[in-house]
Amino acid sequence: MPKKSKPTAPLLPLTGKQKSYLRSLAHKLKPVVQVGHQGVTPGVLAAMDVALDRHELIKVKVAGEAEVDAAEIGPQLEKATKSQVAQVIGHTLVVYRRRKENPKIVLPKDKPKRASAQAASAKGPVADDSDEDGDELEDDDALGDDDDEAADDDEDLEDDEDDDEDLEDDEEEE
């Protein structure tokens with residue numbers, strides 16, 4: 001009688017950050033399993049099982065003469081090998097399955113996002129930039145400095161124009 005496997009929890013989908021990390025690791029890999037024109041066969045699944053146990057992250061090449069393309073084969077391979085497809089590009093799939101013992105690849109975890117309302121209440125009261133009537137108060141520093149700088153810029157432009165005229169006069173004399 002065949003052994004009954006223990007039921008396993010469904011795999012959590014990979015986040016974008018995790019897929020990106022796996023793609024970066026897979027960039028240098030060469031395909032170790034090839035799906036031929038017969039498609040997904042028991043031999044292909046057995047080879048993938050062995051490769052995933054050994055490497056955790058593999059590339060699978062789908063031959064050009066295969067009846068289906070890589071995007072259609074991906075879900076079949078995920079289900080049959082209890083793995084996850086991190087990328088499908090052209091005729092190549094990047095497939096990941098975490099080892100049960102001594103995993104080699106550690107996936108990055110996403111930081112939990114805080115709600116903006118919770119963050120605001122945790123910081124305490126927020127300074128109000130309005131006067132008693134509810135009108136917005138203006139920042140004197142920002143307004144005063146901008147006017148002075150604009151006047152300085154105008155003077156600089158006038159000086160530059162004078163310099164240009166002097167150069168033209170010098171050229172005419174020669």
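The values are calculated or read from the model by the stated rules, or taken from the named source; none is laboratory data. Because the structure is a prediction, the values reported are computed rather than measured. Positions of Cβ are backbone-derived with ideal geometry, glycine not excepted, and every protein chain shown enters the neighbour counts. Ligands, DNA and RNA are excluded from the accessible area calculation, which covers all protein heavy atoms including side chains. Shrake-Rupley method; radii C 1.70, N 1.55, O 1.52, S 1.80 Å.
A few remarks follow.
- Number of residues in the stretch 21-33 that are surrounded by fewer than 14 Cβ atoms within 10 Å (Cβ to Cβ) and either in a helix (DSSP H, G or I) or not basic (Lys, Arg) (or both): the value is 3.
- Yes/no for residue 61 being farther than 30 Å from residue 111 by Cβ, open to solvent by 100 Å² or more (accessible area, probe 1.4 Å) and free of Cβ contacts under 8 Å to residues at least 60 places away in the same chain: no
- Filtered residues of the stretch 34-49 (kept if surrounded by 13 or more Cβ atoms within 10 Å (Cβ to Cβ) and over 17 Å from residue 91 (Cα atoms)): 45, 47, 49
- A single member of 85, 95, 106 is free of Cβ contacts under 8 Å to residues at least 12 places away in the same chain and in a strand (DSSP E or B), and it is 85.
- All positions within the stretch 30-54 that are closer than 17 Å to residue 99 by Cβ and touching a residue at least 40 places away in the same chain (Cβ under 8 Å): 48, 52, 53
- Only one of the numbered conditions (1) open to solvent by less than 50 Å² (accessible area, probe 1.4 Å); (2) of a type in the set (A, V, I, L, M, F, W, C); (3) farther than 20 Å from residue 104 by Cα is not met by residue 68, and that is (1).
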